[in-house]
Amino acid sequence: MRNKRFMYGKVILATSMIWFMFDVLLLLYYTDDGNRGSITQEHTQSRRVDLKGPGEMGQPVIIPPEEEELKKEMFKINQFNLLASNKISVNRTLPDVRIDGCKKKIYPPSQKLPTTSIIIVFHNEAWSTLIRNIHSIINRSPREILEEIILVDDASERDFLGKQLDDYVRGLSVRVRVVRMAERSGIVGARLRGAAISTGEVLTFLDAHCECTKGWLEPLIARIAEDRTRVVSPVIDSISDETFEYNSVPELGCGGFNWRLNFRWYPMSKREKKRRKGDATIPINTPTMAGGLFSIHKEYFYRIGTYDEGMDIWGGENLEMSFRIWMCGGTLEIVPCSHVGHVFRGKSPYTFPGGVATVVHNNNRRLAEVWMDEYKSFYYKTVPNARNAEYGDIEDRKQLREKLQCNSFRWYLENIFPDSQFLLDNYFRFCEVRNMETKQCLDNMGQKEKSKAALSRCHGQGGHQIYAWSKLNELKHDDLCLDASAPSGFKDVEQSRCNSHGGTQEWRYNEELKSIMHVVSGLCLDKADADSTTPTLHQCDNRLSQKWELVEISMF
Ligand code: UD2
Ligand code: MN
């Protein structure tokens, strides 16, 4: 016990030392005028910026070996390479990643477009990422459109986000207001606070660790100027959490969601490709949005029911708004001519009061109960634990749905997201897949893509043991398909993202022999070898370990 406390004390000491060093570094860094250049437009500022400086033009920052330890320590603070971020100018240059068609597009003059308030909420964000975000907005947004930037501090516990931040933003050429939540409220509460005090006609939300590229704002605002029921997102490019390299997404996808109600990117549907007639500058209708970066007309934001205030901390609000927009008459688009970078991280750096699962289940249950009609049971079957989550009162949200006379979830799936994991039309059956010799079941084990398929004791609770036979003859758990390929000699059965192309993801069930054949290799699914939990593929010979019982599961 004493040992533990001692360790704890050491960790605190080490952390505060890092903070201290970090503050000193920051002070040194930000008093250097060369990097400050806070109020200048990009073209004037570029004269002062050393184009070979770390991270310029979105280049990766390489940490020398002698700083590796420091890098590792600092990584823990925000779950990204803070040391790399701190080395990059707050005014760094970025490549213009737009396609030619976008560079040539002509938008209405800025004076004719509505103004926007940019709202950034944060909890314990790093200084360098937040400040670089602000400068990227100021440097690359037409002044006529940019009404103000609103920073909502969601009860951060960092000194530098106090007076130091207030003082810093006072010196900027655009109005930047900082408001602070008295208590931690989470994304929804903080964004609502920002919206409430905003004065622009359009609200533009950004995560705190974004960087906006040239021409990002006009295409978003112009779409809303034409029709205020459009809710628009930029293309979200990646800023590496390791090197802070700026990388444009290679292929534009659409937002979707899986059985567990996680937001996911999927390839654009054939239907959408056809609708856009090969013009890569045309906005993409997307079933859902990632949630962090979007613009919405303020009047429409309130008319359509803002956010569900019963959602805490993180999660769920992005799908909630996506379903609501589509089901209640709006449209949700990704505008390919607008590019904003975001630091995607492997895990969350901050606390989830009450625990991650409790928070996320609470939010997702609200989402499911209010918007998903009979399809909510899909979620409960896949995440049985969610059934126990308390989710509070949802009467107001149900009334909102009533008042806005929104369409059903089935309508949404059929018309807006026909490729969805939820549409029964896309499947033959849902089942537990039981090996007749070992009596074990196929089990996803909560693993992500590029993992090996697994077998474990059948529990009959659904969850990770639910498998679906799709009409494309895939054998899948959620959006992961059983897959076997030549490089492994068709030995390993992997779980990869379903690609809808059949090929190595195509399987056949023989009702009589009860065998599951991998079509490309002609091999049969077999029990795991001794000392392993991974199913294998063998020459089909009808032995008992190659027989599988499909035990029907009802998803409703
Ligand atoms: C994504 C979205 C995020 C939000 C989330 C689901 C993108 C790029 N990001 O997750 O905006 O929709 O999915 O909820 O689409 N924050 C607070 N208070 C909190 C927790 C977070 O202010 O209690 C801030 C946080 O500092 C950040 C923003 O909210 O600026 C989003 O949080 P995140 O970056 O951890 O979320 P992310 O990108 O994993
Ligand atoms: Mn984020």
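Summary table below
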item	result
Protection proxy ranking, peptides 396-406, 120-130, 70-80, 302-312, average beta carbon neighbours within 10 Å, highest first	120-130, 302-312, 70-80, 396-406
Relative contact order (percent, whole number), region 469-556, Cα cutoff 8 Å, 6+ residue spacing	21
For the chain, cysteines whose Cβ has no other cysteine Cβ within reach (under 4.7 Å)	Cys210, Cys212, Cys254, Cys431
Which of Ala196, Tyr391, Ile120, positive extreme of dipole for the chain (C-beta unit charges)	Ala196
Lysine-lysine proximity count for region 72-343, Cα under 16 Å, sequence distance 8 or more or distinct chains	4
Spin-label pair Asp492/Arg543, simplified geometry with 7 Å Cα→Cβ offset, distance in nm	2.3
Partners for Lys491 among lysines (Cα-Cα distance below 16 Å; same-chain residues under 8 apart left out)	Lys450, Lys452, Lys527
Radius 9 Å from Cβ of Gly215, net charge of other residues (Lys, Arg +1; Asp, Glu -1)	+3
Dipole axis of region 72-343 (+1 Lys, Arg; -1 Asp, Glu on Cβ), positive-most option in Asn133, Cys102, His342	Cys102
Low-density loop positions, trypsin sites (Lys or Arg not before Pro), region 306-379 - DSSP coil, at most 11 other Cβ in 10 Å	Lys347
Sequence-separation-based contact order of the chain, relative, with Cα cut under 8 Å and 6+ spacing, percent	11
Extended-chain gain in nm, criterion 0.36 nm per residue less alpha-carbon gap, Leu172 and Met436	88.1 nm
Unit charges on C-beta of K, R, D, E only; dipole of region 424-552, Debye	100
Ranked by how many other beta carbons lie within 10 Å on average, peptides 348-359, 222-233 from highest	222-233, 348-359
Dipole magnitude of the chain about its Cα centre (Cβ charges: Lys, Arg +1; Asp, Glu -1), debye to nearest 20	480
Restricting region 228-293 to GluC sites (Glu not before Pro) in coil, as DSSP defines it, with at most 10 other Cβ within 10 Å	Glu251
Theoretical ellipticity at 222 nm over the chain - DSSP helices of four or more residues, -39500 (n - 2.57) apiece, nearest 500	-8500 deg cm²/dmol
Euclidean distance of C-alpha centroids, region 372-391 and region 435-457, integer Å	22
Nitroxide proxy distance, nm - points 7 Å out along Cα→Cβ at Lys398 and Arg508	4.9
Lys/Arg +1, Asp/Glu -1 at C-beta; region 358-416 dipole; positive extreme among Asn415, Met372, Thr382	Thr382
Gyration tensor (alpha-carbon) shape descriptor, the chain, a/c threshold 1.5	prolate
Anisotropy class of region 358-416 from Cα gyration tensor, a/c 1.5 cut	oblate
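No value in this document is a laboratory result; all are computed from the given coordinates. Not measured: the values here are computed from a predicted model. We place every Cβ from the backbone using ideal geometry, glycine too, and count neighbours over all the protein chains shown.
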